[in-house]
1. Hey, if you drop one equal point scatterer on each alpha-carbon of the stretch 248-298 and run the Debye formula without solvent, what base-10 log of I(q)/I(0) do you get at q = 0.14, 0.16, 0.23, 0.30 Å⁻¹?
2. From the Cα gyration tensor of the stretch 272-351, with a ≥ b ≥ c the square roots of its eigenvalues, which class applies: rounded if a/c is under 1.5, or else prolate if a/b is larger than b/c, or else oblate?
3. Label-point separation (nm) for S271 and A133, each offset 7 Å from Cα along Cα-to-Cβ?
4. Within 10 Å of each residue's Cβ, count the other Cβ atoms and sort C203, C212, C157 from fewest upward.
5. Can you sort E261, E284 by how many other beta carbons sit within 10 Å, fewest first?
6. Each label point is 7 Å from the Cα along the Cα-to-Cβ direction; what then is the distance between the points at T141 and S105, in nm?
7. Given H placed 1.01 Å from N in the peptide plane, which residues other than close sequence neighbours of R245 have an amide H under 5 Å from its amide H?
8. Within 10 Å of each residue's Cβ, count the other Cβ atoms and sort V233, V293 from fewest upward.
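Each value in this text was obtained by applying a stated rule to the coordinates, not by laboratory testing. Just so it is clear, the model here is predicted, and its values are computed rather than measured. For neighbour counting, all protein chains shown are included, and Cβ atoms are generated from backbone atoms with ideal geometry for every residue, glycine included.
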Amino acid sequence: MTRELRRNGTLKPNKPIVLIALAAVLAALGWLAYAYLPGSGEGMQPAAPESQAQLEAGAITESLGGDAPGAAPLAAREGDDAEELAQRARELGETRQSELRQLGSSQAPFPHNERMGDYKASLWADIEANPPALVRPGDPTVDAEMAYRLYMYYGVCSNVPRTAQQIDRRLQEMADRAETARRRRLESLGYQADQLADMYELCQAIPPEVDCRLQAMDWMTEAVRLGHEVARVQFYEKAMGFMMRPDPWFGGPPLFLERTELIPQFKATASQALSGALENGHPEAYLAMSEAVLDGVVFARDPVMAMAYARAAELEAMENHVILRNLDKQKQLIGQFLDAEQMADADEMAQRLRESKH
């Protein structure tokens, strides 16, 4: 069922025994036969794994010191989605992945006509093949690219079971659901089980007692300190996600409740990161600042300025022929707070923001 099973028909000794049970359940229900039925196979995309429920955004905004009354709902933020990264990497191809990794590790500004998500996907494909050695923040051998690589590794592993009991429980839940699942859901469950086993192997090097959410935040903070441009752009959104998410495996509370000292550290690093990110004026940096200004957690909440940054992101993206994920959603979210005159002010500010970078 895993990569090794597909290659030689055997399971490695460290595979949980429930994998075999799950395969038997799926096979008994006819899942394997669906590969030969009309309409199945390569053209069918399995559904994405179910995401965990998020906390109430307003309460989180208030706890972090944001302007909660009347504020726009804080977007639900999660850690890195391994399947999404893997899908993007497959679409990019190996040659393109290599080119993007070189762009990200260079000292030159990240090109405005490149999507940072593509760089991230290429780096994740390399991490899957070559997991990083586990070191501590502050290690003199770690540069900005390695710090970002470690953030990604811990970030993805924060969503992955790392003990035999955890993965057995998760796979048994899938097997239970498979007993009453319909055809397309069965295919999705089989796919998810396959991916989960692979990810379990990848993340096994991390001791179970390590909180991957905290490690991901620490390494992203280190990447920001070392000047990694993509880390600067993404720190606010991704670190917010790790702060907000409860421990998925041990039932612990969100980090911002469990480790309150992280709140001022997060706010200081996010302010530094976003200010530094804007120096290059990448379209994704403008969009990240728009989200932060609208949320009102790190900066004073200002819908007009949030729209100005969103419009600057849009104009910069149009000029460089890149598609920004979530841009339209962000503009619609801000637009409900602005009248025509404020929209005009935002457009004027957007032009000034861009002119200051050219």
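1. -0.48, -0.58, -0.85, -1.08
2. It is oblate, given that a/c is not under 1.5 and a/b is not larger than b/c.
3. 3.7 nm
4. Ascending Cβ contact count within 10 Å gives the list C203, C212, C157.
5. On the way: E261 7, E284 25.
With the sparsest Cβ surroundings first, the list reads E261, E284.
6. Modelled inter-label distance: 1.5 nm.
7. Those lying under 5 Å, H to H, from R245 are L255.
8. In order of increasing Cβ crowding within 10 Å: V293, V233.
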